[in-house]
Every structure is written in structure tokens, then in C-alpha cells.
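A short write-up of the structure that comes next.
The values are calculated or read from the model by the stated rules, or taken from the named source; none is laboratory data. Just so you know, these numbers come straight off a predicted model, no measurement behind them. Note that each Cβ is placed from the backbone with ideal geometry, even for glycine, and that neighbours are counted across all protein chains shown.
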Amino acid sequence: MIGMGFAAFLTLFVIGFIAAVVIHNGLKYRFLGGIDGFLAGWILGWVGAWIASPVLGHWFAGVAIGGQYIIPAFLGAFSVVFMATATCKAMAKIRSGEEAPVSTTVPATLAGQAASATRAA
């Protein structure tokens, strides 16, 4: 997989491009709004498509271009672009204090039981 041919590279290049266009422009789900966000999505889409074929397996041998299985490549490209954007957005929200981490509260009855158990010990 490391020494891929030009047809395989071009196939992954186009699949990464399609994933970046759909997520960045079609769904408007983006972290960086300009061309830099689109290009980052394109690169991540290529990486996701490249990794997905060996990880997800070889699906539908008739739908392979340049030795690359298209369905796993699309799944990998879309998932990596989406998850990278979601991770960057979540990190930005946490850093800005926009969204506080979820804290759990103990119901009053359990809190009372815990306090009495502590006093008894």
C-alpha cells in the first residue's frame, strides 16, 4: 500500500476531494471557513481513504478503481474529515469556555446516605 501506483493515488485524491467538498461546502460543517479548511479536509480525506481499504477490508471487487476499493475508501474519507472537524470544534469550545464539561450530581438521598456512612465510620 505504501508504494501505490498513479491510478491508486488519483483515485484516493478524487475520493478525498469529494469528501472535502461534501462536508465543507455541501453540509457547511467546517472548522476553518476559508480555503485552508477545505485543503485540510482534502488532505485528511485522502489519508482516510488510504487507511480505510486495508482496515475495513475489500468490499465488492467489481467496484475497485486502481486497486482501491471505493466503498471503504469513501467511508474512511468521510469519517476522518468529519471526526477531525468535530474534534477541532470541540477543542475550540472547551478552550473558549463556551461549553462546560458535564458534571454529575448525586441525588439527595444518596448524598445523605453517604454522609451518614462517613460519620458512622
* Kindly indicate the residue of segment 27-82 that is without any contact (Cβ under 8 Å) to a residue 24 or more places away in the chain and of a type in the set (D, E, K, R) and also nearest to Met4 (Cα to Cα) among those meeting that condition. => Asp36
* Asked: Leu10 versus (1) assigned to a loop (DSSP other than H, G, I, E, B); (2) in contact (Cβ under 8 Å) with a residue 24 or more places away in the chain; (3) surrounded by fewer than 17 Cβ atoms within 10 Å (Cβ to Cβ): which is the lone unmet condition?
  -> (1)
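Test of understanding: among Leu32, Leu56, Leu27, which residue is hydrophobic (A, V, I, L, M, F, W, C), in contact with a Leu (Cβ under 7 Å, 6 or more places away or on another chain) and surrounded by fewer than 17 Cβ atoms within 10 Å (Cβ to Cβ)?
Working: Leu32 fails: in contact with a Leu (Cβ under 7 Å, 6 or more places away or on another chain); Leu27 fails: in contact with a Leu (Cβ under 7 Å, 6 or more places away or on another chain).
Exactly one of Leu32, Leu56, Leu27 is hydrophobic (A, V, I, L, M, F, W, C), in contact with a Leu (Cβ under 7 Å, 6 or more places away or on another chain) and surrounded by fewer than 17 Cβ atoms within 10 Å (Cβ to Cβ), namely Leu56.
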* Would you check if there is a residue in segment 64-73 being within 30 Å of Lys89 (Cβ to Cβ) and out of contact with any helix residue (DSSP H, G or I) (no Cβ under 7 Å at 6 or more places or on another chain)? => no
* Filter the helices (runs of 4 or more DSSP H) completely within segment 24-121 down to those with at least 2 residues that are modelled with pLDDT of 80 or more and either within 24 Å of the chain's Cα centre (by Cα) or β-branched (Val, Ile, Thr) (or both). => 35-56, 70-96
